[in-house]
1. By how many nm would the segment from residue 120 to residue 134 lengthen if fully extended, with 0.36 nm per residue of separation less the alpha-carbon distance?
2. Rounded if a/c is under 1.5, else prolate if a/b beats b/c, else oblate: with a ≥ b ≥ c from the C-alpha gyration tensor eigenvalues square-rooted, which is the range 9-79?
3. Please rank 117, 60, fewest neighbouring Cβ atoms within 10 Å first, as an exposure proxy.
4. List the equivalent ellipsoid semi-axes of the range 3-159 in whole Å, largest first, each obtained as the square root of 5λ for an eigenvalue λ of the Cα gyration tensor.
5. Working out 0.36 nm times the residue gap between residue 142 and residue 28, then minus their Cα-Cα distance, what length gain in nm do you get to one decimal?
6. Compute the distance in nm between two label points, each set 7 Å from the Cα along the Cα-to-Cβ direction, one at residue 94 and one at residue 154.
C-alpha cells in the first residue's frame with residue numbers, strides 16, 4: 001500500500017459506479033494508482049442469475065467484473081474532478097482468455113485494470129486481469145469502454161422507456 005493510500009480513504013464502489021442490487025458484482029476498491037485500480041469482487045451466491053448452480057460462476061462473467069472495474073477507474077477520475085459518476089458503455093473486449101470454464105462457488109476474486117490508452121473524449125482501453133485469492137490468473141482481456149459526456153446523446157429514447 002502506498003503512502004498516499006494509507007492517508008486517503010478509498011471510496012466505496014457504490015460511490016463510483018451506477019450498478020446496484022444483484023448486478024453490483026464488486027465488493028470494494030483495494031488499491032488505486034494514477035493508471036490502475038484493483039478491486040475485490042463479490043462472491044456470487046448460488047442463486048444469483050449469473051451463476052450455474054452446479055458448476056459455479058461461468059468465467060465469461062469475468063468480462064462484466066472487468067467492465068465494472070474499468071467503471072471504478074472512470075468513477076475515481078470523475079470524483080477527483082468533483083463530478084458525479086456517469087454511465088459508461090462497454091464497447092468490447094479483445095484477447096479474452098479464460099483459464100477455466102467456471103469459477104467454483106466461494107472463490108474470492110480480485111480484478112486489476114491497467115490503463116493502456118485513453119483520449120480526451122472518454123474512450124479508454126484497459127488491460128484487465130482476474131485472479132483468485134491464491135494469485136492464480138482466472139481470466140484476462142483488453143477492455144474498451146466509453147464514458148460519454150451525456151449518455152442521452154448516445155442512447156436517446158431507450159433510457160426513457
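Taken together, the values in this text are just the output of simple stated rules run on the coordinates, not laboratory data. Computed from a predicted model, the values in this text were never measured in an experiment. Ideal geometry is used to build each Cβ from the backbone, glycine not excepted, and the neighbour counts take in all protein chains shown.
1. Separation in residues times 0.36 nm, less the Cα-Cα distance, equals 1.3 nm.
2. Working: a/c = 2.48, a/b = 2.08, b/c = 1.20.
Taking the square roots of the gyration eigenvalues as a ≥ b ≥ c, the range 9-79 is prolate.
3. Working: 117 11, 60 14.
The order, fewest Cβ neighbours first, is 117, 60.
4. 25, 19, 15
5. Using 0.36 nm per residue and subtracting the Cα-Cα distance, I get 38.9 nm.
6. Computed distance between label sites residue 94 and residue 154 equals 1.7 nm.
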